[in-house]
Each structure stands twice: as structure tokens, then as C-alpha cells.
Amino acid sequence: MADIDLTFPLAGKVALITGGASGIGAAIASAFATKGALVAIADLSVTAARDHAALLGPNSTAFECDVTSEQSVDDAVKATLERYDRLDILVNCAGIAALDSAEQLSLDAWNRTLAVNLTGTFLASRRAGSVMLQRGSGTIINLASQAGSVALDRHAAYCASKAGVIGLTKVLALEWAGRGVTANSISPTVVLTELGKKAWDGEAGEALRARIPTGRFAEPEEIAAAAVFLASDAARMINGADLIVDGGYTIQ
């Protein structure tokens, strides 16, 4: 049995991160770069993506990507291959949340949420996965949510999209692991990104925090740490798992 490096290095691995210019995606990009990965940030905001890539150093780059567009996703994967000549890790982190009661939620908001969160994950996984399958190795990490496992008020579209991400991840894991490509998801609770802080400020945030056994929300770096582990060779036997990082919210 091969020795397992418990420092979880990513040296020399090429990682493509959608939604990597801000929030959880940016934290993952930073953590991967710290571990030695070559990081390609794909984001709808190419300016923000370039700014974050510049902070990470010369081994990182940035591309504009609309994950709802098959062509845009294909272009981002192609650009990554042209830059690095390989692709080892895909992190699907691009996502949105349109919150409203189910009876008031517009069809446009529903469609947009599923297009970004679920279809975008599928498009990127399919394109990057095909590259990995040709090489016979790779790993896909999809950002799901506790909302994919339990119901949250005013989250009809978001819950549906994230439950879909978890289901999609399991199918990819089943179909591709025998050919060297694993797939897992991470399901956080509220994460204290700038967006998370604004969305859960006040009484609603206090009420939700009180229901979490650890008594707090997650930091972006804690989600990034989980992604580092899943991306490392130490996690090659983990496949089709949904790693819940929620302080125990969903155990109740």
C-alpha cells in the first residue's frame, strides 16, 4: 500500500475553480495555491478573477466563464489546458441564491437558480470530466449545501438545485470512478463570506445560529480546508460522498 502524505499536498496539480473570484471559491483558490496547485479561476467577473489570480502569484491565471453557457464552459476548460497542458481538479463553486416564498418565487428566479447551480455544475463536470477520463485520473468537487439535505424557508429553488448537485455528484462518482475520476460534494451551512454576512445579519441569522450545535456559522477557510483534503491523493478512496460542514445543523 502506498504511503499517504497527511500534509495533503497539491503540488503540480492543476485546478479549475468556477466562481473562484470571491467568497468560498476565492478561499479554495487561495488554499489550493498555498498547497502548491496551479490554479485557474473561472468567473463571470473576469476582472475580479484576474485580481484574485494576481494575488496568488504567477502560477495562477483567470478566465471569464458563464457556467450557464456550454460554449463558455468549453472555452474555459480549453484555455486551462492551453495554459497548463493538463487538468487534475475541478471545483464547481459558482452559485446564486434567489430567496422567496414558494408561492411568490418567479419562474425566472427558479430557472436562473437551477441554470447556475445545477446545470452549470453539470456542464463543467461533463467537459472537465471528459478530459480527466481521457487521462485516467482526476477529481471533481461540487459545492452543494445543507439546503440539499434539509428544507430551508424561502429556499425552494436553492434547495432543489443543491439537492440536484448532490444527486448529480453521486451519479458521476458511480460512472467514472472505475476510470480513475472521483467525485464528491461539500455541503456547508451558512458561510461568513461578505455575501453570507449580509444575508444572515440580524434576527434571522441569530435564530439560525442558535439551531447549530456548534453555535456559529462557518468560515470560508474551513470549507477550503475540506476541499484541500478531497482534492489530495489522501482522499482517493472517498467517492460519491457529501461532506457536510454545518456544525451539526442537519443531525437534528
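First select every other residue whose beta carbon is under 15 angstrom from the beta carbon of Leu6; then total the charges, Lys and Arg +1, Asp and Glu -1. Let's see the in-between values first.
Details: positive: Lys35, Arg236; negative: Asp3, Asp5, Asp233.
Every neighbour counted, the sum reads -1.
Could you put Ser69, Ser187 in order, starting from the residue whose Cβ has the fewest other Cβ atoms within 10 Å?
Values: Ser69 15, Ser187 25.
Ascending Cβ contact count within 10 Å gives the list Ser69, Ser187.
Need the full-extension length gain, Ala177 to Ser130, defined as separation in residues times 0.36 nm minus the C-alpha distance. One decimal, nm. List each step's numbers first, then the result.
Numbers: separation 47, 0.36 × 47 = 16.92 nm, distance 1.26 nm.
Result: 15.7 nm gained on full extension.
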Seminar exercise, completed: For the pair Ala160 and Leu55, the simple spin-label estimate (label points 7 Å beyond Cα toward Cβ) gives in nm 3.5
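Could you give the length gained on full extension between Thr250 and Arg83, defined as 0.36 nm per residue of separation minus the Cα-Cα distance, in nm?
Values: separation 167, 0.36 × 167 = 60.12 nm, distance 4.09 nm.
Stretched fully, the Thr250-Arg83 segment lengthens by 56.0 nm.
If you take the beta carbon distance between Ala210 and Gln104 as r and set R0 to 35 Å, what does 1/(1 + (r/R0)^6) give as a FRET efficiency, to the nearest 0.05? Kindly include the intermediate steps, with their values, before the conclusion.
Details: r = 26 Å, r/R0 = 0.75.
Computed FRET efficiency for Ala210 and Gln104: 0.85.
For the chain, what are the DSSP H helices with axial Cα length of 20 Å or more and mean Kyte-Doolittle hydropathy of at least -0.5? Don't skip to the answer; put the middle values down first.
Numbers: long enough: 70-84 (21 Å, -0.86); 120-135 (23 Å, 0.00); 156-176 (30 Å, 0.95).
Helices meeting the span and hydropathy rule in the chain are 120-135, 156-176.
Sorting Tyr158, Tyr84 on the 10 Å Cβ count, fewest up front, what's the list? Mind dumping the intermediate values first?
Details: Tyr158 24, Tyr84 19.
By the 10 Å Cβ count, ascending, the order reads Tyr84, Tyr158.
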Seminar exercise, completed: Any residue on another chain or 5+ positions along whose placed amide H is under 5 Å from the amide H of Val91 is listed here as Leu16, Ile17, Thr18, Ile141
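Do you know the relative contact order of the stretch 107-177, to the nearest whole percent, from alpha carbon pairs under 8 angstrom that are 6+ apart?
Values: 51 pairs, mean separation 26.0, N = 71.
RCO, the stretch 107-177: 37 percent.
Sort Ser185, Ser45 by Cβ crowding within 10 Å, fewest neighbours at the top. Let's see the in-between values first.
Working: Ser185 28, Ser45 15.
Ascending Cβ contact count within 10 Å gives the list Ser45, Ser185.
Around Gln104, under 14 Å between beta carbons, what's the net of Lys plus Arg minus Asp minus Glu among the other residues?
Values: positive: Arg154; negative: Asp100, Glu103, Asp108, Asp153.
Net charge around Gln104: -3.
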Exercise. In nm, what is the difference between 0.36 nm times the number of residues separating Asp3 and Arg112 and their Cα-Cα distance?
Worked result: 34.7 nm
Problem set entry | R0 of 25 Å, Cβ-Cβ distance Val150-Asp201: FRET efficiency to nearest 0.05 | 0.70
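Once the other residues with Cβ under 15 Å from the Cβ of Leu172 are scored (Lys, Arg +1; Asp, Glu -1), what is the net sum?
Overall, the nearby charge balance is +2.
Enumerate lysine pairs in the stretch 14-245 that are 8 or more residues apart or on different chains, then count those whose Cα atoms are under 26 Å apart. Mind showing how you got there, number by number?
Details: Lys35/Lys78; Lys78/Lys170; Lys162/Lys170; Lys162/Lys197; Lys162/Lys198.
Lysine pairs satisfying the spacing and distance rule in the stretch 14-245 number 5.
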Seminar exercise, completed: In debye to the nearest 20, the charge dipole size for the chain, taken about the Cα centre with +1 at each Lys and Arg Cβ and -1 at each Asp and Glu Cβ, equals 440
Exercise. Any idea how far apart Leu192 and Val46 come out in nm if each label point goes 7 Å out from Cα toward Cβ?
Worked result: 3.5
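Throughout, read-outs are computed from the coordinates displayed, never taken from laboratory work. This one's a predicted model, so the numbers in the text were calculated from it and none came from an experiment. Cβ sites come from the backbone with ideal geometry, for glycine too, and all protein chains shown count toward neighbours.
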